[in-house]
Amino acid sequence: EPTPDAASLTALFGHEDLAGSRVSSGLATVWTDFRIGPDGYTRMLVQDHGLSPLRLGRVIRRIHEIETYRMMALLALPMARRAQGELATLERALSKVTSDMLSAQESHEDAELLSALSRIARDVEEISSRTSYRFSAARAYSALVDKRIAELGEEKVMNFQRIGIFLDRRFTPAMATCQAVNDRIRSLAERSERASNLLRTRVDIALEAQNQQVLKSMEKRSHQQLRLQETVEGLSVVAISYYL
């Protein structure tokens, strides 16, 4: 059949927000909107310009894989959005603990701050363990989407965006969001660890100062005991000499 014009494609898909590309050295054309319809399916129109059955099957398989891997990668996006709120709360808590470290003077305050840092580190680790697998899978699926798009060998058709550009403007930001949240989790874990190390160092220095004071007090008592012992020995010598 003849190649459909823009009006026919708009009537077929119901809107103008389409992506289209000539693929496989110009021997096929693909149009799609990457939208899930009321029946739960995404529609794609493929026009064959003379492909062999084997090459046509490869084109169909690639566009199916692009959609499948894209949807699998996007499973991480809702998880990333939920994690953003949790991370914001933990970041505020960590900032408060860090500022409180400057004003804390007593040992019991340091103990409370260290306990708060431990809770923050625990929550960050829980978020990391919950999301790391999905974020890693999203990176892998995103790489497969990019590879399948490159294998199509796209060429521009009419005034439509190429499929690769269409996905680059809509799919890539979602993957960037997931990567940003993953980096944010890692950064928060490192910050909480540094804060814990600083607080432990301050506690160790305070304990060392206390130990030095204890050692000085013990040394002073030892000198007093030595002088007392010398005094007792002197008196004993005097008393023995007197009785002799």
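Values for this structure:
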read-out	value
Stretchable slack from Arg122 to Glu65, in nm (0.36 nm times residue separation minus alpha-carbon distance)	16.7 nm
log₁₀ of I(q)/I(0) at q = 0.08 Å⁻¹ - the chain, Debye sum with one point per alpha carbon	-0.57
Inter-site label distance for His223 and Glu155 at 7 Å from Cα along Cβ, in nm	9.7
Dimensionless Rg over Rh [the stretch 66-184; C-alpha; Kirkwood]	1.23
Simple spin-label estimate for His49 and Asp5 in nanometres, 7 Å along Cα-Cβ	1.9
Residues of the chain: accessible area per residue with a 1.4 Å probe, Å²	63
Difference of contour (0.36 nm per residue) and Cα-Cα distance, Arg186 to Asp100	28.7 nm
Cα gyration tensor shape of the stretch 31-108, rounded if a/c is under 1.5, else prolate or oblate by comparing a/b with b/c	prolate
The chain, relative contact order in percent, only Cα pairs under 8 angstrom and at least six apart counted	26
Virtual spin-label span in nm between Ala137 and Arg170, 7 Å along Cα→Cβ	2.3
Tail weight of P(r) past 16 Å, computed on alpha-carbon pairs of the stretch 151-244, percent	79
Prolate/oblate/rounded label for the stretch 129-172 (Cα gyration tensor, a/c 1.5)	oblate
Helix-only CD estimate at 222 nm, as mean residue ellipticity for the chain, using -39500 (n - 2.57) per DSSP H run (n ≥ 4)	-27500 deg cm²/dmol
Straight-distance crosslink candidates among aspartates and glutamates, where the alpha carbon sits under 15 Å from Lys216 and sequence neighbours closer than 8 are dropped	Glu208
Order by protection proxy (mean Cβ within 10 Å, highest first), peptides 9-18, 191-200	191-200, 9-18
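The values are calculated or read from the model by the stated rules, or taken from the named source; none is laboratory data. None of these values were measured; they are calculated from a predicted model. Reconstructed Cβ throughout: ideal geometry from the backbone, glycine too, with neighbour counts over all protein chains shown. For accessibility, only protein heavy atoms count, side chains too; no ligands or nucleic acids. Shrake-Rupley method; radii C 1.70, N 1.55, O 1.52, S 1.80 Å.
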